[in-house]
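A.B. asks: Here it is, the structure in full.
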Amino acid sequence: MEPKKQLLLGTRKGLVVYHLQEDGSWQYQRTEFIGIPVSLATIDPHTGTWWALQDHGHWGCKIHRSQDGKTWEELEAPKYPEGEEVKDGEAAATNYLWAFAHGSANQKGKVYVGTEPGGLFVSEDNGDHFGLNRGLWDQPTRKTQWFGGGRNNAGIHSVLVDPRDQDHLYIGISCAGVYESTDGATTWQVRNKGLKADFLPDEDAEVGQDPHLVVMSPSNPDVLWQQNHCGIFMSRDGGKLWKDVTDKNGPANFGFAIAVDERNPEVAWVVPGVSDMVRVAVDEALCVCRTDDGGATWQTFNSGLPQNAVFDITYRHGLDITGDTLAFGTTTGNLYLSENRGEHWQTISNNLPMIHSVEFA
């Protein structure tokens, strides 16, 4: 596998790009859209298209694409059709662009965007036109059982496409849970068995779960992981049953970001925090946790990380991995990188804006 040489950061003040140098160091390269919040930045490996999803404070949601990461074209952002409602009497409008995914290798130009208030948009022409996925939007549970988790309405933050089957998809919704489609997003089924929602009257409720991020193992797409409001969960059967793999005696519990090893589906990393309204670093110190055995045990690493980082927390899309190299960014604008699977960290920058997303490309 060719090493990834770009590191893209979606930040509160623009798209920040780092580049891997010949000496192995990561150096700041440039900032695109300086001063404008970028909620997510990514490159589609099938088309080479750069994408920047924006949360402009004045102009609302924007979406831009580029073929070189320097010359950008603004597209019409996903827009709810007139007359669509979040709830009865509440008009649907795009409030946030929260997730992005591309189609399979033989679906070049197909892209998915997840939004708040819970709509999945699909483009077949590399973003020239986006359409609302009716199968999900008309799902019977949406109007009555979905609700916002930290935002006003439910939001789709995770979109996963099975590399073996382009018609097989998963989405993660806060708050609703995980949904699966096996027919190209025509119909969707709830996949929340085994999850817990201790904030609900029925913590085993089929709908209303709060996954913070859902990821798929690259080496075995039947293995799914999620960092959840109520802990860490893993599924080995494509989401039919989730197992709680939270470290009951350690910090690997609440958090937002999770990453899975590219070669071993049993290996995963989280950047934990203190839950609910507090949302600060555990014990006022920054750490990263790794499991090598599917969550049966967890190791905690803090070498090279600040131990007085009270307010450092990592958002859903703020952690990524390529090979043995991991990087994560924090809400206080710090960027950290490890070249040995999270066991030792180096500081890349302490002077960035709030970091929303981190991606090797």
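The values are calculated or read from the model by the stated rules, or taken from the named source; none is laboratory data. All figures in this text were calculated on a predicted structure; none of them were measured in a lab. Reconstructed Cβ throughout: ideal geometry from the backbone, glycine too, with neighbour counts over all protein chains shown.
A.B. asks: Only one of LEU195, LEU213 is crowded, with 24+ Cβ neighbours inside 10 Å, at pLDDT 95 or above and outside any strand (DSSP E or B); which?
C.D. replies: LEU195
A.B. asks: Identify all residues within the range 155-169 that are within 29 Å of GLU73 (Cα to Cα) and either crowded, with 19+ Cβ neighbours inside 10 Å or of a type in the set (Lys, Arg) (or both); write none if there are none.
C.D. replies: The answer is GLY155, ILE156, HIS157, SER158, VAL159, LEU160, VAL161, LEU169.
A.B. asks: Among the residues of the range 59-77, is any crowded, with 21+ Cβ neighbours inside 10 Å, part of a strand (DSSP E or B) and of a type in the set (Ser, Thr, Tyr)?
C.D. replies: No: the range 59-77 contains no residue that is crowded, with 21+ Cβ neighbours inside 10 Å, part of a strand (DSSP E or B) and of a type in the set (Ser, Thr, Tyr).
A.B. asks: Also: Let me confirm something: among GLY24, GLY35, which residue is at positive phi, in contact with a Lys or Arg (Cβ under 6 Å, 6 or more places away or on another chain) and of a type outside the set (Lys, Arg)?
C.D. replies: GLY35
A.B. asks: Still on this structure, I have one more. Any residue at all in the range 253-269 that is hydrophobic (A, V, I, L, M, F, W, C) and outside any strand (DSSP E or B)?
C.D. replies: yes
A.B. asks: Please name all residue pairs, on different chains or six or more residues apart, with Cβ atoms under 7 Å, provided the first residue is in the range 323-340 and is more than 20 Å from ASN351 (Cβ to Cβ) and the second residue is modelled with pLDDT under 95 and not aromatic (Phe, Trp, Tyr).
C.D. replies: What qualifies is GLY323/PRO3.
A.B. asks: Please pick out the residue among LYS110, LYS143 that is of a type outside the set (A, V, I, L, M, F, W, C), crowded, with 19+ Cβ neighbours inside 10 Å and under 28 Å from ASN192 (Cα atoms).
C.D. replies: From the options LYS110, LYS143, the qualifying one is LYS110.
A.B. asks: Just to be sure I understand the filter: pairs with C-beta atoms under 6 Å, separated by 6 or more residues or on different chains, first member in the range 59-70 and in contact (Cβ under 8 Å) with a residue 12 or more places away in the chain, second member of a type in the set (S, T, N, Q). Which pairs pass?
C.D. replies: Within 6 Å, the pairs are CYS61/THR94; LYS62/GLN54; ARG65/THR49.
A.B. asks: Please specify each residue of the range 159-173 satisfying the condition of being more than 16 Å from GLN139 (Cβ to Cβ) and either polar (S, T, N, Q) or assigned to a strand (DSSP E or B) (or both).
C.D. replies: Passing the criteria: LEU160, VAL161, GLN166.
A.B. asks: What residue, among those in the range 331-359 that are under 18 Å from the mean Cα position of the chain (by Cα) and among the polar types (S, T, N, Q), is nearest to ALA41 (Cα to Cα)?
C.D. replies: Checked the range 331-359; the qualifying residue nearest to ALA41 (Cα to Cα) is SER357.
A.B. asks: Kindly indicate whether GLU82 is in a strand (DSSP E or B) and either touching a residue at least 24 places away in the same chain (Cβ under 8 Å) or farther than 21 Å from LEU326 by Cα (or both).
C.D. replies: no
A.B. asks: Of everything in the range 281-314, what is outside any loop (DSSP other than H, G, I, E, B), crowded, with 19+ Cβ neighbours inside 10 Å and of a type in the set (S, T, N, Q)? Give them in sequence order.
C.D. replies: If the condition is that a residue be outside any loop (DSSP other than H, G, I, E, B), crowded, with 19+ Cβ neighbours inside 10 Å and of a type in the set (S, T, N, Q), then THR291 is the only one that fits.
A.B. asks: With the checklist (1) surrounded by 13 or more Cβ atoms within 10 Å (Cβ to Cβ); (2) in contact with a Ser or Thr (Cβ under 9 Å, 6 or more places away or on another chain) in hand, flag the one item ALA92 doesn't pass.
C.D. replies: (2)
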